[in-house]
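Here is the structure we will look at.
Every read-out reported here was derived from the displayed coordinates using simple, explicitly stated rules and does not represent laboratory data. Not measured: the values here are computed from a predicted model. A quick note on method: Cβ atoms are made from the backbone with ideal geometry, for glycine too, and the neighbour counts reach across all protein chains shown.
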Amino acid sequence: MEIMKNFKKIILIIFAFFILLIVSGCISSQKEIKKEMIIKKPNVAGYFYPKDKDELFSMISAYLSYSEKNFTKIKGIVSPHAGYIYSGPVAAYGYKQIENEDYETVIIIAPSHYSHFYGFSIPNATHYETPFGLVEFSEKNEELRKDSNFFYDLSIHEKEHAIEVQIPFLQKVLKKFKIIPIVVGDIEPKTLADILSKYIDDKTLVIASSDLSHYHSYEEARSIDAFCVNSIPILDFENMKYCEACGKIPILTLMYLAKKFGWEGKLIDYRNSGDTSGDKSRVVGYASIIFYEKGYSHEEKEFLLKLARETLENYLSGKKIRIPEESELTEKLKEVRGCFVTLNKFGNLRGCIGHIIPQEELYKCVIDNAINAAVNDPRFRPVSYEELKDIKIEISVLSLPKPLFYSSQQELLEKLRPRVDGVVIKYKGRTSTYLPQVWEMIPNKEDFLSELCLKQGSPSDCWKKEDVVIETYQAEVWEEE
């Protein structure tokens, strides 16, 4: 009996010991989690931009309200990093293009204004802090820190502002994202581009933080900056050597990435501090330049236009429809995509039919809907063979429609992007759509939605109903010359 009591005591002691270990482990683990969160405090809040959250929100919102979103599939932005009263209006033009887009990772490449070193550096932190709150560092930073070109010294990041000033704009226009904040020293831009290229996917955005010329007269600055704003979008590396920019290495890195991935460049806005502050004696130049994913090549576009015309000529003359040989088709032409074919005669619509949802390979979609637009559009009599010489063909390739979520009619109207979004309205079993180019004819948002309701045979206010479903998509559009 005594043996049994002692045995039970031993069991209880062992059990208590394990409980203590578990509890200790939990406490230790919690402490470790707290230790792991290292916050990079802002250096220039209250100096380059407002320290007060509401004031900062109002300032950025005002800048964004003066710009329009006209591009999609943005992969990179050259953005200025001066005080917001000087460069904020220009930066807003670039950031407007990514508003409400879905990025998981944002790589911010910035120059070092206070330290000279070789390689690139990432702050020793897990989060950046701004008046809007914390932004988490990407897990990819750990891999980058293992690269032989990585260098860390606290002094590099103690005063640096070129990364920081980009973050509030990102917080304002995007939802959840993580950052890779990189300050560069004397590193070859192509080398850095090669390092970063393996971290770039469809959910990645690259920001090159840079101002342009510094402290020249107004006219001299515009002349010097012309080398930058003309060379960057077209990837003119030769003329970039004449560019005066503090973030020249970040810009060149982004240019090499654009070359590698085939991104297109576009100047969105250029101004200098003489334009934004009024003092034109000694100015600093600023530009917003975007790089976006290329769509179809010129050759692919021409092929599809010729295919559509050949199809109509054969069909309307009673000949057999020609199906392209496998050797004629690129991989992109064989992708299953939604598309529309539009026929215009003397500038007026003569037929337009397509597939909103992908159903077949793109080249087949063009063949089928060229015929449908010519003879099956119920709004028009069938096109005759004799008319073909007066008809221009337009092709629209669509992205997959996504539901547009909103809590009020006002929010719906605010979220719609004229000339960017195609719109689908689904109401009581009926569906109708307008391509993005229809905004040119119906620019008012309420009129656009009302006409879309009428198009499907519903009341003009169907878009206001609770059981309506509204979706948006984007389109790559081209036509015959």
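Exposed loop positions in the chain were taken to be chymotrypsin sites (Phe, Trp or Tyr not before Pro) whose DSSP state is not H, G, I, E or B and which have at most 11 other beta-carbon atoms within 10 angstrom. Between these positions, the longest stretch is 119-345.
When each of R381, R350 is scored by the number of other beta-carbon atoms lying within 10 Å, the sequence from fewest to most is R381, R350. Between H81 and S210, D211, the built amide H atoms are under 5 Å apart, and every one of these is 5 or more places off in sequence or on another chain. Distant-in-sequence amide contacts of F150, defined by a placed amide H-H separation under 5 Å and a gap of 5 or more residues or a different chain, comprise F120. Listed by chain and number, the aspartates and glutamates whose C-alpha is less than 19 Å from the C-alpha of K319, apart from same-chain residues fewer than 8 away, are E310, D368, E386, E387. Just to confirm the number: angle between the C-alpha axis of helix 2-36 and the first principal axis of the chain, 0 to 90 degrees, nearest 10? That works out to roughly 60 degrees. Sparse packing (at most 14 other Cβ atoms within 10 Å of the Cβ) combined with a DSSP loop state is found for the following trypsin sites (Lys or Arg not before Pro) in the range 299-348: K319, K320, R322.
Computed extension gain for S460 through S327, at 0.36 nm per residue and net of the alpha carbon distance, reaches 43.0 nm. Estimated from helical segments only, the mean residue ellipticity of the chain at 222 nm is -11000 deg cm²/dmol, where each DSSP H run of four or more residues counts as -39500 (n - 2.57). Axis angle, to the nearest 10 degrees, between helix 362-375 and the longest C-alpha principal axis of the chain: 40 degrees. With 28 Å as the limit, the listed pairs K41/K294; K178/K294; K306/K445 have K41/K294; K306/K445 beyond it between alpha carbons. Distance between the 7 Å Cα→Cβ label points at L413 and E220: 5.0 nm.
The trypsin sites (Lys or Arg not before Pro) found in the range 130-194 that occupy coil by DSSP, while having at most 15 further C-beta atoms within 10 Å, are R145, K146, K159, K175, K176.
Using a cut-off of 23 Å between Cα atoms, the listed pairs K140/K203; K96/K159; K198/K301; K96/K146 include K96/K159; K198/K301; K96/K146 as exceeding that distance. For K176 and S277, the FRET efficiency from 1/(1 + (r/R0)^6), where r spans their Cβ atoms and R0 equals 25 Å, is about 0.10. Taking the centroid of alpha carbons for each part, the range 312-351 and the range 109-143 are 50 Å apart.
Once the chain from N348 to L154 is taken as fully extended at 0.36 nm per residue, the excess over their C-alpha distance is 63.4 nm. Percent antiparallel among DSSP beta bridges with both residues in the chain, to the nearest 5? Counting only bridges with both partners in the chain, antiparallel ones make up about 70 percent. The fewest-to-most ranking of M255, M37, M240 by surrounding Cβ atoms within 10 Å reads M37, M240, M255. For the range 372-445, trypsin sites (Lys or Arg not before Pro) are listed when DSSP marks them as loop and at most 15 other Cβ atoms sit within 10 Å of their Cβ; the list is R379, R419, K428.
What does the charge count around K294 come to, taking other residues whose C-beta lies under 11 Å from its C-beta (Lys +1, Arg +1, Asp -1, Glu -1)?
On the way: positive: K73, K75, K332; negative: E264, E293, E300, E476.
Spelling it out: positives minus negatives among the neighbours equals -1.
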